[in-house]
Amino acid sequence: MIAIYPAESRHSTNHGWLKSNFSFSFADYYDPDNMSFGPLRVFNDDFVKPLKGFGMHGHREMEIVSVILKGQLKHEDSMGNSEIIREGQVQRMSAGRGIMHSETNPSAEEEVNFLQLWFQPAEHGLPPSYETITFNADGMKNALLPVVSGRGGRKDGVAVIHQDITMYLSELDAGHSIAFEQEEGRRIYVFVIEGELLLNGENKLRKRDAARIEGTAGLAISSESGAKLMVIDLP
């Protein structure tokens, strides 16, 4: 089953310095029927104004992934990490038993747009940890490039997460298609970053639309005009 969630179905907030779109219940948005999809608990599309951001705050027992789409994001945490993350990079932070961190836009001129995803961990009580990977954008061309995974151990350019998921990024040229196959009984989450997609030849998605897929192990992903997308393989 392929369930399409149009971009406009997301809950949107505007605090002036921050514009957010929530795909699942988060902060002031609560819907008991939209709490998660498998272990995927949060999928936020955030836009932060120059020199603004989230001050130091805490998290526990959550795997947090940030994907920078435009601009730059400064991360600082209670483990002593301090880093500026840019487009082409993905950050993974395991909150584990507890961590404090801040996220701010260090630019005085450019807005930052990033996706932040939270996954429920497969195991609780882990020590907090953090890493940033830089992926090879050429590997996204008409292919699915893994950038975060809890399957298969550590690999170059892939952040290791404490959950049985794999996150892929892809950039499809106009007229191209890719096939995705997974084990029976798993879930697929598809998010269109830019452009338009067609799933299995009949389900059309536009910019910022998402699909939650169950009971469909094989997926044909195509685009007539080109697209950037994220695919997540979930238990």
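Might you check whether a residue that is part of a loop (DSSP other than H, G, I, E, B) and either acidic (Asp, Glu) or closer than 29 Å to GLY139 by Cα (or both) occurs anywhere in the range 40-59?
Going through the range 40-59, the residues part of a loop (DSSP other than H, G, I, E, B) turn out to be 49-52.
Subset that is either acidic (Asp, Glu) or closer than 29 Å to GLY139 by Cα (or both): none.
No.
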- [ ] Identify, by number, the condition in (1) surrounded by 17 or more Cβ atoms within 10 Å (Cβ to Cβ); (2) more than 26 Å from ILE84 (Cβ to Cβ) that ALA217 doesn't meet.
- [x] (1)
Open item on the list: Among the numbered criteria (1) surrounded by 15 or more Cβ atoms within 10 Å (Cβ to Cβ); (2) out of contact with any helix residue (DSSP H, G or I) (no Cβ under 9 Å at 6 or more places or on another chain), which one does ARG154 miss?
Closed with: (1)
- [ ] Pull up the range 47-71, narrow it to residues that are surrounded by 17 or more Cβ atoms within 10 Å (Cβ to Cβ) and either not assigned by TED's automatic domain parsing to the domain that holds SER107 or not aliphatic (A, V, I, L, M) (or both), then point me to the one that is farthest from ASN113 (Cα to Cα).
- [x] HIS59
Open item on the list: Any residue in the range 85-105 that is without any contact (Cβ under 8 Å) to a residue 24 or more places away in the chain sitting within a Cβ distance under 8 Å of a residue that is among the β-branched types (Val, Ile, Thr)? List the pairs, counting only those 6 or more apart or interchain.
Closed with: ARG86/ILE68; GLU87/ILE68
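So if I check each of ALA211, ALA159, ALA174, which one is surrounded by fewer than 19 Cβ atoms within 10 Å (Cβ to Cβ) and in contact (Cβ under 8 Å) with a residue 24 or more places away in the chain? Talk me through it step by step, then tell me what you get.
Working: ALA211 fails: surrounded by fewer than 19 Cβ atoms within 10 Å (Cβ to Cβ); ALA159 fails: surrounded by fewer than 19 Cβ atoms within 10 Å (Cβ to Cβ).
Going through ALA211, ALA159, ALA174 in turn, the sole match is ALA174.
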Open item on the list: in the same structural domain as MET230 (by TED's automatic domain parsing), charged (D, E, K, R), modelled with pLDDT of 95 or more and over 15 Å from the mean Cα position of the chain (by Cα): which single residue out of LYS155, LYS141 fits that description?
Closed with: LYS141
Task: Evaluation of PRO50 against (1) of a type outside the set (A, V, I, L, M, F, W, C); (2) free of Cβ contacts under 8 Å to residues at least 60 places away in the same chain; (3) more than 30 Å from ILE213 (Cα to Cα) (one fails), failing number - done: (2)
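Quickly run through the range 10-36 and pick out the residues that are in a strand (DSSP E or B) and either under 15 Å from the mean Cα position of the chain (by Cα) or not charged (D, E, K, R) (or both). Don't jump to the end; show me each part of the working.
Step one: list which residues in the range 10-36 are in a strand (DSSP E or B), which gives 11-14, 18-22, 26, 29.
The answer is HIS11, SER12, THR13, ASN14, LEU18, SER20, ASN21, PHE22, PHE26, TYR29.
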Open item on the list: Looking at ILE165 and the list (1) over 17 Å from GLU194 (Cβ atoms); (2) assigned by TED's automatic domain parsing to the domain that holds ALA95, which single condition is not satisfied?
Closed with: (2)
TODO: Can you give me the number of residues within the range 165-217 that are of a type in the set (S, T, N, Q), farther than 25 Å from GLN91 by Cα and touching a Leu at 6+ places or on another chain (Cβ under 6 Å)?
DONE: 0
Open item on the list: Which count do you get for residues in the range 157-172 that are in contact with a helix residue (DSSP H, G or I) (Cβ under 8 Å, 6 or more places away or on another chain) and among the hydroxyl-bearing types (Ser, Thr, Tyr)?
Closed with: 1
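The values are calculated or read from the model by the stated rules, or taken from the named source; none is laboratory data. Keep in mind that this is a model prediction, so the values were computed, not measured. We place every Cβ from the backbone using ideal geometry, glycine too, and count neighbours over all the protein chains shown.
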